[in-house]
1. Which Cα, out of Ala155, Val181, Pro170, lies furthest along the positive dipole direction of region 144-187 (beta carbon charges, K/R +1, D/E -1)?
2. Using θ = phi - 60° and the Karplus relation 6.51 cos²θ - 1.76 cosθ + 1.60, list the HN-Hα couplings for region 223-237 in order, rounded to whole Hz, with x at every Gly or Pro.
3. Using only alpha-carbon positions, what ratio does the radius of gyration of region 110-212 give when scaled by 2.2 N^0.38 Å?
4. Using a 1.4 angstrom probe with every protein chain in place, what is the largest-first accessible-area order of Tyr58, Tyr143, Tyr254?
5. What part of the accessible area of region 196-258, given as a whole %, is carbon or sulfur when the probe is 1.4 angstrom?
6. Per residue, how large is the accessible surface of region 115-197? Use a 1.4 angstrom probe and give square angstrom.
7. Step by step: find N for the chain, compute 2.2 N^0.38 Å, then divide the Cα radius of gyration by it. What's the final number?
8. Restricting to Cα pairs below 8 Å that are 6+ residues apart, what does the relative contact order work out to for the chain? Please round to a whole percent.
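The values are calculated or read from the model by the stated rules, or taken from the named source; none is laboratory data. Predicted, not measured: the structure shown is a model, and the values here were computed from it. Positions of Cβ are backbone-derived with ideal geometry, glycine not excepted, and every protein chain shown enters the neighbour counts. Areas reflect the complete protein model, heavy atoms only, side chains present, ligands, DNA and RNA absent. Shrake-Rupley method; radii C 1.70, N 1.55, O 1.52, S 1.80 Å.
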Amino acid sequence: MFDIWTFVQLRDDEIDEAAYGLVTEAKRLITELGEAGQVSAVALGPASESVLESLGAYGVDRVLHVAGDGMNRYQGELFSRALFDLVQKEPPSCLLMAQSAETEDLAQRVAAMMNTALVTRTMDFTMTADGTARAIRPVANGYLFEDVALDARPAPIVLFLPSVLFDTEPDREGLAAVTSVPLQASAGDLKTRTVEVIEAAPEDLDLEEADIIVAGGRGVGKGASFDVIHALAKAIGGSVGGTRPIIDWGDLPYERQIGQTGKYVSPRLIINCGISGANEYTAGMEKSQQVIAIDQNPRVRMFRFADLGVVGDVHEILPLLISRIEDQK
């Protein structure tokens, strides 16, 4: 029987939205294989049993949950050992993850320990019963796509781009069976330890972790013109992002680029300033919960994605907005 594992990322005892899309991918794989199978979810770190049980409504048959001392915050060595121990006890058919800064680190560690294949930035993945698999991933800044053939034995680890994971709704009644697995490793066994946790300033926070993002595009301008984006981000406690032209001009480093060739983000709020809304950009932010767009051209594509659209010059609107915010503070 095929056993497709999905990795569940937890944030403050809540399941990250991408986990549900992974379940949809797992169910698709089982259907395509045409054989009996089950979907197992793996959760590492503290989480309430009721939250994990709710995955059953989306198609998860069981949840393997590992929690213990030192797992309140991601620690690569500890988490990779915990996941590797699970894989050794009950080998899956494959392990699916949504790509993020955390899973990029975790997947590399576990793949090396398993001596298995790892595919990153995956857009599509298929398996066959004879033990082979294929994955499609973007290359050359998203202008080309690579078709990767790999051996599915031992179980490969596949990191999906969050933007290709479909939103899914509960499609059945019942709860997933949650199995609590004791943590075998201890902090004393580790070669590394956390000495201090330094919280990043909101403006410098990784885009994939940010709740609020202020993004600027070609319409904002370069050099000193872009300072207004930093000022707004500082005023509202947001992180700064940009489109590819902004990165090409050198106003932001590459890790601040949003889009197919940059970061895929899903903040609670994103404010897009002077951004036309090309496919390359919107693919990276379409999972955002609330979208505000500001542009002088009322016909730009970005307004199609906006919950609130403001037509006007960002250099006139943003200083007024910042001033009003400061007055409210």
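1. Going by the charge dipole, the pick is Val181.
2. Those phi angles translate into x, 4, 4, 7, 4, 5, 5, 4, 5, 5, 4, 5, 5, 10, x Hz.
3. Its radius of gyration relative to the 2.2 N^0.38 Å reference: 1.49.
4. The residues order as Tyr143, Tyr254, Tyr58, largest area first.
5. 50 percent
6. 62 Å²
7. 1.07
8. About 14 percent, as a whole number.
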